[in-house]
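For reference, the structure discussed in these notes is given below.
The values are calculated or read from the model by the stated rules, or taken from the named source; none is laboratory data. Keep in mind the model is a prediction, meaning the values are calculated, not measured. Cβ sites come from the backbone with ideal geometry, for glycine too, and all protein chains shown count toward neighbours.
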Amino acid sequence: MNGELFMLEEIDVHSTVPVYTQIEKQVQFAIAAGRLRSEDRLPSVRELSERLGINPNTVAKAYRDLQLMGWVSARRNMGIFVTKNCEERCKEDCRRRVVEELFQVVSEAKAAGMDEKEIGGLAKKAYS
């Protein structure tokens, strides 16, 4: 898939999660899932900010953070590209973070008095 065609799946400007963090996660998950591949070009800051109706500085911050994490790299006068051969490392990083968050949620559910059957049922419903 060409990254130019990559569309962010869910950005909620009213969420408590900052928009730049949502962009970062969507790009990381797209790399981990193979929807964005090594050397794919991401939309320009201007293009993505216009598409999402957000400030270009928000997109620029997300792209800078993604560069610092090693998931994308900037090429002078060419744009932002998925870092070569980062897919497996990104997949493992995403998996690790999801597992940590899942364990946290299950721990909170248990503390709230939910049993294994109820938690399992909710997980199954959420996965559908």
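Miscellaneous remarks
- Subset of segment 4-32 that is within 15 Å of the chain's Cα centre (by Cα) and among the charged types (D, E, K, R) - its residue that is surrounded by the most Cβ atoms within 10 Å (Cβ to Cβ): E24
- Just one of the listed residues (L66, L122) is over 14 Å from the mean Cα position of the chain (by Cα) and part of a helix (DSSP H, G or I), namely L122.
- A single entry from E39, E88, E50 fulfils the requirement of being acidic (D, E) and in contact with a Lys or Arg (Cβ under 7 Å, 6 or more places away or on another chain): E39.
- Out of A74, A109, one residue alone is over 21 Å from I11 (Cβ atoms) and not in a helix (DSSP H, G or I). It is A74.
- With respect to the stated conditions, E50 fails to be closer than 21 Å to A126 by Cβ, in a helix (DSSP H, G or I) and of a type in the set (D, E).
- Residue match in segment 33-43 (condition: surrounded by 18 or more Cβ atoms within 10 Å (Cβ to Cβ), basic (K, R) and in contact with a helix residue (DSSP H, G or I) (Cβ under 9 Å, 6 or more places away or on another chain)): yes
- Residue within segment 48-69 that is within 14 Å of K91 (Cα to Cα), in contact with a Cys (Cβ under 8 Å, 6 or more places away or on another chain), surrounded by 12 or more Cβ atoms within 10 Å (Cβ to Cβ) and not assigned by TED's automatic domain parsing to the domain that holds V98 present: no
- Residue-level check: of (1) in the same structural domain as L8 (by TED's automatic domain parsing); (2) outside any helix (DSSP H, G or I); (3) hydrophobic (A, V, I, L, M, F, W, C), M114 misses just (1).
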